[in-house]
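Step one of this worksheet: look at the structure below.
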Amino acid sequence: MIENIRLSFRGILSHKMRSFLTMLGIIIGIASIIAIVSTIQGTNEQIQKNLIGAGVNNITVSLNQGDWPYDYSMGIPEGIPTVSDEQTEKLGKIAHAENVSLFHSRQDYEGVYHMASSLSGGTVYGIDASYFDTAGLTVQKGRGISADDLLHFRKVCLLDKDSANSLFQSEEPVGSTIEIHGEPFTVAGIVTEKEIFEPSIKTMSDYYTYSGNKAGRVFLPFTVWPLIYQYDEPESVIIRADRTENMTSIGREAEKILNETFTSENYTYKAQDLMEQARQIQQLSESTNTMLIWIAAISLLVGGIGVMNIMLVSVSERTSEIGLKKAIGAPKRAIMMQFLTEAVVLTSTGGLLGVITGIILAGLISQLNGTPVAISVPASAFAVVFSMAIGIIFGILPSRKAANLDPIEALRHE
């Protein structure tokens, strides 16, 4: 076998241009498949990262009216209780849930002021002491909301950077006072994301999908919420999963727990299933790219036919050599293995060059599209093995022809 491989490389190198042109179909096919698979994986990673965020595996479960989140500015929905301590305990025991927090939220267009500055369109949150840790937020300046703030109904609040910039252009926010619907609140701190993440936004569709609310957020203690808005308002729930893959199952279990205390045709708790959104977009992307893979596979078929053709030419050119070997006792199996090995070496070399070309091509596509490079090692290994299989399949006919040559006729061949 080692001798056959050595002879194969010698034969390939003795006809460099012909060998390269023969391998070109294999190289193009393998490179195309590697580049497409890498692009699919990179795009899927970008989609998941954009929808879910940089490792912040949060699931938000809120009350919906039909298919839309309920607007609490319309009042308290009839027959919907607040989340009980027993339900909160059950939510905390969901498999793979690391942390759970209850909160209220309201998009407020005219209620938040500091001097002459307003936070139009910002979102006000009523939160508990563990909300920031659950939501992936950290206090950058000042302090957070403590258990004492909740217990003593203290009118303190925290701002994110967007709301701080809107309300305090040059003034120091921490320690200052803002008004929320006429009630004074002292700014206790500034919060920011634990992991700064900016989604890739290239179209208006991306903007509406990923950008979210940039008007700013205001966080105040859960217990003072009724002083500004309304009493007995049902809460939303935010849950942090241990892994991204577990977000969907946690959301479904949380929906079941929250919906078990009431029955209503109009209202239901629903999880914001970002994993399902990501999966649907990925499936749409993959269905398109699968067709491209099949198109690329056609070039592999063409490359295989080219290998078979050149091996038949090689058999014709080396007819006298084959006759001499058979005359001195070389068995059919040895002749067949020699030419089959040469076909496999030819296609394997093309496969390796195709993988290298595909990796380079994937990098170029990544630079142009702005998506991560995600080289699939299994796909690369499969591509090389597949190219070897092509060599075996399309090398059998030339090998059998060489092995079945009549030695006397072969020796007479000019």
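Details
- With all protein chains kept in place, the per residue accessible area of segment 27-172 amounts to 47 square angstrom at a probe of 1.4 angstrom.
- Net lengthening on full extension, GLU265/HIS181 (0.36 nm per residue, minus Cα-Cα): 26.9 nm
- Cβ-Cβ FRET estimate between ILE359 and ASP133, R0 fixed at 41 Å, reported to 0.05: 0.50
- THR177 - accessible surface, heavy atoms, 1.4 Å probe, Å² rounded to 10: 70 Å²
- Calculated P(r) tail over 17 Å for segment 124-195, as whole % of Cα pairs: 41 percent
- Estimated vicinal HN-Hα couplings, Hz - segment 135-141 in sequence order (Karplus 6.51, -1.76, 1.60; Gly, Pro = x): 7, x, 10, 9, 7, 7, 8
- Shape call, segment 60-138: gyration tensor on alpha carbons, a/c limit 1.5: oblate
- The length gained on full extension between LEU150 and GLU86, counted as 0.36 nm times the residue separation minus their Cα-Cα distance, comes to 21.0 nm.
The values are calculated or read from the model by the stated rules, or taken from the named source; none is laboratory data. Quantities reported herein were computed from a predicted structural model and do not represent experimental measurements. Positions of Cβ are backbone-derived with ideal geometry, glycine not excepted, and every protein chain shown enters the neighbour counts. Quick note on the areas: whole protein, heavy atoms, side chains included, nothing else; ligands and nucleic acids left out. Shrake-Rupley method; radii C 1.70, N 1.55, O 1.52, S 1.80 Å.
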